[in-house]
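Read the structure below first, then the notes.
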Amino acid sequence: MVCKRSILCAVACGLFIFTALVFSVHSSHAAVADSFRLPLDGTWKISQQFGVQVPDPPVTDRYHLAEDVGRGFEEAPIFATANGTVKHAASHTNYGYVVAIEHSLPEGGEVCSVYGHLRASGLAGLGDVGKGQLIGYLSADSSETAGTTMPHLHFGIRSGAFSENPDPVDGQFRYRGYGPSSVMGEWFDPIDFVGPRLMPKFAYGNRLMANRDLNVRNLAAGADIGDQL
Ligand SMILES: [Zn+2]
């Protein structure tokens, strides 16, 4: 009997360890970012386009690395653009609170989505998030947004896996809001990137694809697209 109990115990322990290992391995990889959504509900009205030159004398080689989207004075909720892992959630000078999420793409490789000018309270913790999960709120407090009085989201998409290391080009914070032309190649226009990935590929017919392309153009023009997405 003792022997049988020992065997049973050994089997049970083995199963437990195996299950724990499988779970830990599985949970260390966030779900693939197989579709995307815009991080704000409602109208996507761009107040500053991606890639525009915004000189800050004496620095003239300075470009916007994201799109800015406002919501009046509302501290609107911000949602993860796709499945991924929150790798960074902290305050930065001239930026307020920033969340960076790393996404694994279905075709391989990674990108990081960046959400700037957020409120201190309600900020996401580090770890896996699902597409559409609440990760924070816009802030109307200028002390939190480094002087910005109109709440707005700074939404950027940078190529590559997340890194805490400074940008190799100039040693600045890698997920900053503005950068020299030499770093522009590391960033996507968020709408060009997110637009074609708004839904899983299998959900599209040709007609939907055409509508989607139209929506993307409207978004880029700052038009009110209502609930089309
Ligand atoms: Zn911005």
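A short reminder: the numbers here are calculations on the coordinates, not readings from a lab. Model, not experiment: these values are computed from the prediction. For neighbour counting, all protein chains shown are included, and Cβ atoms are generated from backbone atoms with ideal geometry for every residue, glycine included.
Numerical summary
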| read-out | value |
| --- | --- |
| Local electrostatic count at H88 - Lys and Arg +1, Asp and Glu -1, tallied over other residues with Cβ under 15 Å | -1 |
| Amide proton proximity set for G96, modelled H, under 5 Å, gap of 5+ | A146 |
| For a label point 7 Å along the Cα-to-beta-carbon line of D192, residues of region 95-114 with backbone N under 14 Å | none |
| Karplus 3J(HN,Hα) series, Hz, for region 33-49 with 6.51 cos²θ - 1.76 cosθ + 1.60 (x for Gly, Pro) | 7, 7, 7, 10, 9, 6, x, 10, 6, x, 5, 9, 9, 7, 9, 8, 6 |
| Pairwise label distance in nanometres, H92 with D41, each label 7 Å out on the Cα-Cβ vector | 2.8 nm |
